[in-house]
Amino acid sequence: MLSLDLSFYNWELFTNYILKGLLFSAQLTILATVGGILCGTLLALMRLSGRPSLVYPATFYVNTMRSIPLVMVILWFFLLIPMLIGTPIGADLSATITFIAFEAAFFSEIVRAGIQSVPKGQTYAGEALGMTYGQNMRLVVLPQAFRNMIPVFMTQTIVLFQDTSLVYAIGAYDLLKGFEIAGKNYGRPIETYILAAATYFVICFSLSKLVRNIQARIAIIR
């Protein structure tokens, strides 16, 4: 039997090692979510525009990104981009750009499905009032679609937070990295990995309950 001792875990350890990684993971999650939704919405509108010059590039980008493991995209960007531009960009910036570019493909599919879930009659009504395609999307379709997509957005955000642990591959100081360094310094690697798993579970489980509550509220509004 392993002799586990968690008594070393205290507030000082948390502030010295864990807090920095937690803040970076949270920051990366927020930036990737906001950037992914914005870029994903643009990609979704391109795919739904009906114009081949917009549909094909957007479809190629989305399908390509969704077919490659995130850790490979992180490594490629971190290693290849500095070679192309001739200067390093750092692990933090590299992780942020990579996550936005990668998550945009997934948010694009969510937005596209949300737009298609809005009854066609809403679009026809906007056209009958003389609205352009852009006005119809901005004022009629997207507000309804985004309300329907809130629970799915939040679920994808939870997955995104879990995926932030992959920046470990390029040496970024995320939540998992903080636990690893603490484990090495205190000579308790097994305990710190257990605590890391428990921390991820508590955060993700709490967010999942929040998603369910929001989903129930939206269902009542409908």
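The values are calculated or read from the model by the stated rules, or taken from the named source; none is laboratory data. Because the structure is a prediction, the values reported are computed rather than measured. Reconstructed Cβ throughout: ideal geometry from the backbone, glycine too, with neighbour counts over all protein chains shown. Just so you know, the surface numbers come from the protein's heavy atoms only, side chains and all, with ligands and any DNA or RNA stripped out. Shrake-Rupley method; radii C 1.70, N 1.55, O 1.52, S 1.80 Å.
Say whether the condition of being more than 12 Å from the chain's Cα centre (by Cα), modelled with pLDDT under 95, assigned to a helix (DSSP H, G or I) and surrounded by 12 or more Cβ atoms within 10 Å (Cβ to Cβ) is met by at least one residue in region 96-106.
Filtering region 96-106 down to residues more than 12 Å from the chain's Cα centre (by Cα) leaves none.
No; the residues of region 96-106 include none that is more than 12 Å from the chain's Cα centre (by Cα), modelled with pLDDT under 95, assigned to a helix (DSSP H, G or I) and surrounded by 12 or more Cβ atoms within 10 Å (Cβ to Cβ).
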Of all residues in region 50-62, count the ones that are touching a residue at least 12 places away in the same chain (Cβ under 8 Å) and surrounded by fewer than 20 Cβ atoms within 10 Å (Cβ to Cβ).
2
Could you list all residues from region 163-197 that are under 17 Å from the mean Cα position of the chain (by Cα), in a helix (DSSP H, G or I) and among the small types (Gly, Ala, Ser)?
SER165
Only one of these conditions is not met by LYS120: (1) more than 30 Å from LEU75 (Cα to Cα); (2) crowded, with 19+ Cβ neighbours inside 10 Å; (3) of a type in the set (D, E, K, R). Which number is it?
(2)
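What do you reckon, is THR155 open to solvent by 60 Å² or more (accessible area, probe 1.4 Å) and modelled with pLDDT of 90 or more? Write out each step before concluding.
Working: open to solvent by 60 Å² or more (accessible area, probe 1.4 Å): yes; modelled with pLDDT of 90 or more: yes.
In short, yes.
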Checked region 158-198 for anything open to solvent by 10 Å² or more (accessible area, probe 1.4 Å), within 30 Å of ILE89 (Cβ to Cβ) and of a type in the set (Ser, Thr, Tyr); matches are SER165, TYR168, TYR173, TYR193
